[in-house]
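The values are calculated or read from the model by the stated rules, or taken from the named source; none is laboratory data. Model, not experiment: these values are computed from the prediction. Ideal geometry is used to build each Cβ from the backbone, glycine not excepted, and the neighbour counts take in all protein chains shown.
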Amino acid sequence: MWSVLLKYTDKISNTQVVPQNNIPLFNHLCLNVRSGRQLCEACVDACPVQGISLDRDTVNISECVNCGLCAVACPTGVFDHLWEAAEKVVNFASKHQPHRSLWVTCSKAPLYRGALRINCLGELVPELVLYLLSHDVGKVNVLYDAQACENCDFRSGELLWKKSCEQLSAIYRNDGCFKVSDHLPEREQSNNQQVDITRRDFFRSLTSGAQQLLVEAVLGERPEKVYEPFSQSLSLRRKLFIHIISQLNTIQIKTLDPGYLRHPEIGAECTFCGSCVKLCPSGAMKIEKLDEDCLGLLNDATMCNMCGLCANTCPSKAIKVDWAVPDDQPLQRVLLAQGKRCQCPSCGEFFWNSKNSGAILCPGCESSRYKPKLTWDD
């Protein structure tokens, strides 16, 4: 397995890749690049201009309209630098007067005094709304005109927005903190461009240093260059979520959609080879020594984005990614599997064997049992 991983070492680094059109990407976080397989096309499906193509070792952008939908669709953060809405929300929340209501509109909607204007409602994921409400915004109102979405160039964003809207409506079903409307109060509409305090190009006018300081202040520093292959880092979306739940109690956390805190399920076939730990983009999977003759495979659900890479690349097919975290321990690391140190009676090699497994032979000898014995006549 390690030979497969090392095959891509010279192609993967944590260096921010800047294509010819000067769009910065984090190629090393792409599931296809990390695995060498075509596992995910979420960004391709989300792009409204079909401007993204995928190779085994890189992500290519031929055309970009700055909608930010690829950043929202990507589970690992490859396109984080294109997610303007995240930076706008962080900046807006730091300056917004406490307990005042807020309107959020897309770039095609009428200008509205004091509104938070983002490129597309598809960028407004639940984490951003939760972030605003956790920073004393009294109520988040969203202008959504279905007819306008039908005629919009960012058509694919409506699907992402509807998914987010369903999640938010379930969380804030009765308390009125989140509301969607198809019209704006006429008395506060304005044709004066100056009232659009979060106009589309606001962040592009900042220096890159100012943008980085802004993100670091709330979400923590994200290193620009780390030269280790298969480097791991959290996406901005996951960092937002971790920041939010750090301010909530256990009861409040349980009201969130179960999909935010999940972990994989590990079967008895696990051989503790470490491929899931090495390939995990966020670093949620860890192998630790529990005692001299026992290993533990652990998962941090706050870091796990359920991208499924571990399940798709597990050599022994021991991982499933549809298991929910126990409600009584939503923030604790989960012990997924334990392994004991054994010696193979066939070859004499020591190996780690799941405590729930009845296997006696090491993985190499076990697999050779099912290979046909070839003779010269064959």
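Remark: pairs (first residue in region 18-43, within 16 Å of Asn305 (Cα to Cα); second residue modelled with pLDDT under 90 and part of a helix (DSSP H, G or I); Cβ separation under 8 Å; 6+ apart in sequence or on different chains) = Arg34/His28.
Restricting region 354-378 to residues that are of a type outside the set (Gly, Ala, Ser) and touching a helix residue (DSSP H, G or I) at 6+ places or on another chain (Cβ under 9 Å), the residue that is modelled with the highest pLDDT is Leu361. Within region 213-252, the set of residues being at pLDDT 80 or above and part of a helix (DSSP H, G or I) comprises Leu236, Arg237, Arg238, Lys239, Leu240, Phe241, Ile242, His243, Ile244, Ile245. Condition check for Cys273 on (1) closer than 30 Å to Phe350 by Cβ; (2) outside any loop (DSSP other than H, G, I, E, B): one failure, at (2).
Note on region 103-150: residues that are closer than 19 Å to Asn91 by Cβ, in a loop (DSSP other than H, G, I, E, B) and of a type in the set (Lys, Arg) total 1. Restricting Cys152, Cys120, Cys106 to residues that are surrounded by 21 or more Cβ atoms within 10 Å (Cβ to Cβ), out of contact with any Ser or Thr (no Cβ under 9 Å at 6 or more places or on another chain) and under 25 Å from Asp45 (Cα atoms) narrows the list to Cys106. Of all residues in region 347-376, those that are under 23 Å from Leu336 (Cβ atoms) have Cβ atoms under 6 Å from Cβ atoms of residues that are at pLDDT below 75 and surrounded by 13 or more Cβ atoms within 10 Å (Cβ to Cβ), 6 or more apart or on another chain, in Asn353/Ala359.
For region 316-328, residues that are at pLDDT 70 or above and part of a loop (DSSP other than H, G, I, E, B) total 3.
Being among the charged types (D, E, K, R) and either touching a Lys or Arg at 6+ places or on another chain (Cβ under 9 Å) or at pLDDT 90 or above (or both) is the filter; apply it to region 18-62 and report the residue that is surrounded by the most Cβ atoms within 10 Å (Cβ to Cβ). Taking the candidates together, the pick is Arg34. Of the residues that make up region 177-192, is at least one farther than 20 Å from Ala115 by Cα, buried (at least 18 other Cβ atoms within 10 Å of the Cβ) and at pLDDT below 90? Looking for residues that are farther than 20 Å from Ala115 by Cα, buried (at least 18 other Cβ atoms within 10 Å of the Cβ) and at pLDDT below 90, one finds none in region 177-192, hence no. Taking the criterion of being of a type in the set (Lys, Arg) and either crowded, with 21+ Cβ neighbours inside 10 Å or in contact with a strand residue (DSSP E or B) (Cβ under 9 Å, 6 or more places away or on another chain) (or both), the only residue of region 93-103 that qualifies is Arg100.
Scanning region 253-263 for residues that are within 15 Å of the chain's Cα centre (by Cα) and buried (at least 17 other Cβ atoms within 10 Å of the Cβ) turns up Tyr260, Leu261, Arg262, His263.
For beta carbons closer than 6 Å, sequence separation of 6+ or different chains, a first residue in region 85-98 that is among the aliphatic types (A, V, I, L, M) and a second that is in a loop (DSSP other than H, G, I, E, B), the qualifying pairs are Ala85/Gly68; Ala93/His135. One residue stands out in region 237-252 among those that are in contact with a helix residue (DSSP H, G or I) (Cβ under 7 Å, 6 or more places away or on another chain) and under 24 Å from Phe79 (Cβ atoms): the one that is surrounded by the fewest Cβ atoms within 10 Å (Cβ to Cβ), namely His243. Select from region 63-92 the residues that are surrounded by 22 or more Cβ atoms within 10 Å (Cβ to Cβ) and β-branched (Val, Ile, Thr) and write down the one among them that is nearest to Leu234 (Cα to Cα). Applying the filter and picking the extreme gives Thr76.
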